[in-house]
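Notes follow the structure.
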Amino acid sequence: MSERPIQFYFRGALHAVQGPAPTHTVLQYLREDLHQTGTKEGCAEGDCGACTVVVGELVGADGQEELRLRAVNSCIQFLPSLDGKALFTVEDLAPAADRLHPVQQALVDRHGSQCGFCTPGFAMSLFALYENQPDCPEREEIDHTLSGNLCRCTGYRPIVDATQDAYALPRQPLNRLPVIAALKELAKLPPLDYAGGGRRSHSPRSLAELAELREKLPDARLVAGGTDVGLWVTKQGRDLGEIIQLGAVAELKSVAIGAERLEIGAGVTLTDAFAALTAFEPQWAELARRFASTPVKNAGTLGGNVANGSPIGDSMPALIALGCRIVLQKGSATREMALEDFYIDFQKTALQAGEFVRSLILDAPQAPLQRLFRSYKVAKRLDQDISAVAAGLAVHVDSEGLIRRARLAFGGMAATPKRAAACEAAMLGRPWNPDTVRRGMAALHEDYAPFSDVRASAAYRLRVAANLLQRFWLETGRESSAGAPPLRLSELSPILLEVRR
Amino acid sequence: MSSHPSFSGAIVGRPVAHESAHLHVSGQATYIDDQSELAGTLHAAPGLATCARGRIKHLDLSAVRAYPGVRCVITAADIPGENNCGPILHDDPIIAGDEIQFYGQVIFAVAAETRDAARQAVRLAKVEYEVETPILDMDAAIAAESWVLPPFAMQRGPVDTAFAEAPHHLSGTASVGGQEHFYLEGQISYVQPKEDQTLHLICSTQHPTEMQQLVAHALGWRAHQVSVECRRMGGAFGGKESQSAQWACLAAILAVNTGKPVKIRLDRDDDMIATGKRHGFQYAWESAFDDAGRLLGLKLEMASNCGCSADLSGPVNDRSICHIDNAYYLDAVTLRSLRCKTNTVSNTAFRGFGGPQGMFLIETVLDDIARHLGRDPLEVRQINFYDVAPGARSTTPYGMTVEDNIAPALVAELAASCDYAARRTAIAEFNKSSPIIKRGLALTPVKFGISFNATHYNQAGALVHVYTDGTVLVSHGGTEMGQGLYTKIRQIVAQEFGLPLTDVRLSSTDTSRVANTSATAASSGTDLNGKAAQAACQNIKARLAAFVVDLCQGKVAADDVTFVDGRVKAGAAYDAAFPELVMAAYRARLQLWDAGFYRTPKIHFDPLSKLGRPFFYFAYGASASEVAIDTLTGEMRLLRVDILHDVGRSINPTLDIGQIEGGFIQGMGWLTSEELWWQTDGSQAGRLMTHAPSTYKIPTASDLPEVFNVRLYDNANIEDSIHRSKAVGEPPFMLALSVFQAIREAVAATLPAGSQVRLNAPATPETILRAVEAGREIGV
């Protein structure tokens, strides 16, 4: 590694940054240093989307590189995360001063702005969608795209409509070739070793480099997507000391998916990790949809979500239910453990000094047992809301219909994501039927003594955990038939779907 | 870049784009923090109390002062003038002295060379408190008789007789939570010292004049030393009416102390902790009614959580009193209105300003009656409506005759167009066979009074400049917060002069151009400033018309002169392009600019008896919402909404529909996902824990219903409002009450017939599940 400025593609040219501290955010840099004020700060914690920008990155094998464009929250991205990438802001969209980008023009035509403060962020989320999705999207995809953008004025309808209208305007794709060429140039630079504002940040490119650095700097702060650590700086004013950025480590970004086994590198973004998880086990879909927001999923990593060990980390219950193993590395040595054993206490993990999370492994269910699995999330709001209760529920049933294995894990119920041992014990060896479910529901009280807090009361959490077990049975324990009553709100449409004008 | 259609004919009534839309989408619209900073600008941050009630024993700011980059630290002792930012009562310190009244109250402020330095520095304060037990909720305040303003009691009609004679009686309690404004642009002020003891403030504020006065008072200065300017706000919703001034005052004091420009931009968490919200309310009532569900009498105690000071709580509570009737005739009412003082942030204006809380009550009272009688709630609502033509059932509890009642017709039209009856039947069928998911449908009306209750606020001024090239620049007293006020004023002025929109621009709102402005609030922006701007245009037009008469040597009358399609004509005698006439008038030394003034006619209100005609007219609307609830988790989904809303004769239908849709979704948030949550005990008691969007959940795009039919009701204002339009900012907010009532319907579907639904707002999943399970325990 060599000390050099942070370099990225910006406004059609290579751009170098030297000076600011490595925890200076992309948003601060844009607004305060470059006076590019189209990008706004609404919350400085990655929850409102006024700061949304699009980051471009090369993906794919040598000679077949493609440009991947993703919306992220610039307010919690540290500057070194941009190294080797391309940054697009709202000022980049309009091709000429008197001509707007289709997503912008559609927002104007549909009256998609009122106060206008959130609008640049919406335009950027829509720009990413427009670039990634050549066909006019349906409502569901639009909602997901906009899950990290808050608007307090419009009620969203004109924005949703504008999204579709943009596809009716003459197509105006980004010219990717110069961007790709520039990113290839940047890829030739040595790994980033950055010093600014009296602080250092290292961005190793290989697992070996990372392992060596980590042993040498056991106290350095690891930063992957920054969607959690970013807030320590913007909200708590913490000094992170020396930093190791994980975003450039190639091996950590690999996904190996086979029929029997899925291994997800710790640096894989939540967006990519959920795509792999859903491909491996379709019942991840709902959790993948409701987990955080699109910009947060584009930056944050599954490894980071697992490693920070939050009691309300939404992915862990489902991972634990599926028997996920976590791979840790120190130097060249690796070790594996069941994910539930990784969590020791509130925000305390089994990670040792000099060690880091390398990957997560899931295995396909073993025949002849049949695995039934669901993941659930309950929160005040459908999108981008930390759960009151999250559940990952798996039972393995034999040919007699008896439960031979059960892994039932909940988030929001204890200081760590935790299996429901008493509940599992109450159900093991019994048939998968209402009586067993009732026994399991009753036993949950022995497993958990949750807190009351801003998201829910203890009583609600306990009741809902039990009710989710009931739902699990309702959804998996019976033959489903076409006329069966709905079990989920997401299945519904208005009762008589005739729209009168 | 914007796509204004080519000009022809009337501009008022056309769905033209927001005047800044092309700037919004391209990031070129300039908000306060986007403006280039003057050299030497310092950045301020407030230091907030970490105790809800008590006294400061010791405040050690030495580490704050020593932090690198800090240039000035102020406490209450450093305020040269009056230490108050309360708009009515002077009970709101800019910086708390010794006495702490809520967790998050400002106790000092810092100006530093960077915003980061200021924010880091404030963390270093060492404060010791003598902690007292805080009053954190309305029950505790009522028990302690802790009020920001004395309770108000009133009686209208023969209540005791009505109760004695009525065949049915019910009683109930309910509560509704507060609401964070969550304007996307937080509070911000940028203060620029000018020569000879004057200041210019660039602020995100709905009330430049009040800010001017409060800043002047804080400095011990006079009004003409301070000017306040606002081009646009990134949202406000009432949150920048009275509560933007405190931050301006802090920055102004720091600017005067340092001689430097000072900007204060609150961090989102500080903003949510230290600025007031919508008032939470709680109610206890008894109702008396007949077999048909006609309300014969109502006894009501209605308490509001005002927080630690009066702020605008008096007028907010007055408006709630003036809206407990909604669209319904109340024969006989006793009311006790309690204005609770608690150790929480002082609550303030928020879209609807007490109106939503008043209507929430009556809609729940009527819904209970319908359920008790086994009747369709819509039927019960309808038979309680005011008379259409002023008659026996036309006088409001505050003594005003309802002369423009269109609620019955509007509601009937909506009920038909949304298939209310058929869907209600279909939903009942669905619910019978669906044990886990239950649906509910409700249709509720809105009648909202337009005008500030305080009569003297109902005035406005405007200043219109016609330049010699025929272009027009308009200033007025209203502020733009996204609602489209500037766009509507531009349309009104363009229409007066017969000019294309491109020839008319709006300047920023500035107390040095138009003085003594009222807050842009109470939905009144266009009503007041539109009339004022029109008056200014008419003054200029009158002068130009007289000039044309002179040019035609009296062969035409002034009345013959028309301003249409960019030309000025007088029969066959005169025809010139507008700029041509204007230049000629200039050369003839005619005044081409003028001011206009407007005061709303007919209105009067006695704040003591709460009687009078506080409102110039009423705006009406109705909505039907279909929801579904999940009885395992309490989660809710809004499936379909139909709205029919009265904006009079619309000046701009698109802007009006934007207000309706946006207001509705915001109201839905208030009643469903938006929950304010404070620590109730321990050392952090009184600390707001929902102080960021991570914990405070406003609606997102996925909360928009699958079907959302919104239409304007064809109806000219019977009063002489600007172009016979009606105000639209606040009324649609209350359309969301149909969502809450629909949730009650869905909950009721889980209960034995005739059971009462006990549901408070916000109807979070937990609240809904509790209502479902409470009913099950009682019912089974």
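Every number in this text was worked out from the coordinates using simple rules, so none of it is lab data. Since we're looking at a predicted model, the values are computed, not measured. Positions of Cβ are generated from backbone atoms using ideal geometry, with glycine treated the same way; all protein chains shown enter the neighbour counts.
Structural size metrics of the stretch B:100-200, computed from C-alpha coordinates, are Rg and Dmax of 24.5, 74 Å. Only helical runs count toward this figure. For chain B, summing -39,500 (n - 2.57) over DSSP H runs of n ≥ 4 and dividing by all residues gives -9000 deg cm²/dmol at 222 nm. Close amide H partners of residue B:297, meaning residues 5 or more places away or on another chain with modelled amide H under 5 Å apart, are B:288.
Maximal additional length on extending the residue A:11-residue A:175 stretch stands at 57.8 nm, based on 0.36 nm per residue less the C-alpha distance. Spin-label model, residue B:753/residue B:133: points 7 Å from Cα along the beta carbon direction are separated by 4.9 nm. Computed with the Debye formula from one identical point scatterer per Cα of the stretch B:509-548, without solvent, the log10 of I(q)/I(0) at q = 0.22, 0.36 Å⁻¹ comes to -0.78, -1.11. For the stretch B:209-272, the spherically averaged projection of the C-alpha convex hull amounts to 4.8 nm². In percent, how large is the relative contact order of chain B, given Cα pairs closer than 8 Å and 6 or more residues apart? In percent, rounded to a whole number, it is 15. Radius of gyration over Kirkwood radius for the stretch B:437-541, both on Cα atoms: the Rg/Rh ratio is 1.14.
Phi-derived couplings, Karplus 6.51 cos²θ - 1.76 cosθ + 1.60 at θ = phi - 60°, listed residue by residue for the stretch A:8-19: 8, 8, 7, 6, x, 8, 6, 10, 10, 10, 9, x Hz, with x used for Gly and Pro.
Based on alpha-carbon atoms, the Kirkwood radius and the radius of gyration of the stretch A:420-482 give Rg/Rh equal to 1.05. For chain B, the calculated P(r) over all alpha carbon pairs, in 10 Å bins from 0 to the bin holding the longest distance, is 3, 13, 23, 24, 19, 12, 5, 1, 0, 0 percent. May I ask you to give the average projected area over all directions of the convex hull of the Cα atoms of the stretch B:162-262, in nm² rounded to one decimal? It is 10.6 nm².
In a DSSP loop and with at most 16 other Cβ atoms within 10 Å, the GluC sites (Glu not before Pro) in the stretch A:179-256 are A:242. Which residue, B:728, B:536, B:768, has the largest displacement toward the positive end of the dipole of chain B when charges sit on each Cβ (Lys, Arg +1; Asp, Glu -1)? Positive-most Cα among the choices belongs to B:536.
Which net charge results when you count Lys and Arg as +1 and Asp and Glu as -1 among the other residues whose beta-carbon is under 12 Å from that of residue A:390? Present the calculation step by step, with values, prior to reporting the outcome.
Details: positive: A:290, A:374, A:377, A:418, A:455, A:461; negative: A:286, A:314, A:385.
Around residue A:390, the surrounding residues sum to +3.
Please compute the volume of the convex hull spanned by the alpha-carbon atoms of chain A and report it per residue in Å³.
Details: hull volume 82.0 nm³, N = 501.
Enclosed volume per residue, from the Cα hull, is 164 Å³.
The charge dipole of chain A, taken about its Cα centre with unit charges on the Cβ of Lys, Arg, Asp and Glu (plus for the first two, minus for the last two), comes to roughly 840 debye.
Between residue B:584 and residue A:261, the simple spin-label model (points 7 angstrom out along Cα→Cβ) gives 9.2 nm.
Could you please report the charge total around residue B:87, scoring K, R as +1 and D, E as -1 over all other residues with beta-carbon less than 9 angstrom from its beta-carbon? Charge balance near residue B:87 sits at -4. Considering lysine pairs in the stretch B:448-594 that are 8 or more places apart or on different chains, how many have Cα atoms under 20 Å apart? Pairs that pass both the separation and distance tests number 6. Note: relative contact order over the stretch A:1-142, using C-alpha pairs below 8 Å and six or more positions apart, is 27 percent.
From the largest down, the stretch B:492-599 spans 46, 26, 25 angstrom on the principal axes of its Cα atoms. Taking N as the residue count of the stretch B:327-374, its C-alpha radius of gyration divided by 2.2 N^0.38 Å amounts to 1.51.
For the stretch A:1-152, the direction-averaged projected area of the alpha-carbon convex hull comes to 10.6 nm².
Scaled to the globular estimate 2.2 N^0.38 Å, the Cα spread of the stretch A:292-448, given as radius of gyration, is 1.09.
Sparse packing (at most 14 other Cβ atoms within 10 Å of the Cβ) combined with a DSSP loop state is found for the following trypsin sites (Lys or Arg not before Pro) in the stretch A:218-254: A:238. Stokes-Einstein diffusion for the stretch A:184-270 at 37 °C, viscosity 0.692 mPa s, with a Kirkwood radius from C-alpha pairs, works out to 228 µm²/s. Give the lysines reachable from residue A:253 as a straight Cα distance under 20 Å; neighbours fewer than 8 places away on the same chain don't count. Result set, ordered by chain and number: A:85, A:184, A:188, A:297, A:330. In a simple Cβ point-charge model (Lys, Arg +1; Asp, Glu -1; nothing else charged), chain B has a dipole of about 900 debye relative to its Cα centre. Across the protein assembly as shown, Cα-Cα distances exceeding 58 Å account for 16% of all pairs.
With runs of 4+ DSSP H residues as the only contributors, calculate the mean residue ellipticity of chain A at 222 nm using -39,500 (n - 2.57) per run, divided by the residue total and rounded to the nearest 500. When only DSSP H runs of four or more count, the value is -8000 deg cm²/dmol. Each Lys and Arg adds +1 at its Cβ and each Asp and Glu adds -1 at its Cβ; summed about the Cα centre, the stretch B:370-425 shows a dipole of about 340 debye.
In this simple spin-label approximation, residue A:238 and residue A:491 carry label points 7 Å from Cα along the Cα→Cβ vector, and these lie 4.3 nm apart. Can you give me the relative contact order of chain A as a percent, contacts being Cα pairs under 8 Å and 6 or more apart? Reported relative contact order: 12 percent. Only Cα sites of the stretch B:551-609 enter the Debye sum here, all with the same form factor; the resulting log10 I(q)/I(0) across q = 0.15, 0.17, 0.29 1/Å is -0.60, -0.70, -1.24, listed in q order.
Taking 16 Å as the straight-line reach from the Cα of residue A:216, the aspartates and glutamates in range (excluding those fewer than 8 positions away in the same chain) are A:193, A:242, A:355. Dipole of the protein assembly as shown computed with +1 at Lys/Arg Cβ and -1 at Asp/Glu Cβ about the Cα centre; of B:39, B:556, A:155, farthest Cα towards the positive end is B:39.
By the scheme Lys and Arg +1, Asp and Glu -1, what is the net charge of all other residues having a beta-carbon under 12 Å from that of residue B:121?
Surrounding charge for residue B:121 is +3.
Comparing A:179, A:420, A:334 along the charge dipole axis of chain A, the residue lying farthest to the positive side is A:420, per the Cβ-charge model. The Cα trace of the stretch B:2-110 gives Rg and Dmax of 22.7, 70 Å, the first to one decimal, the second as a whole number.
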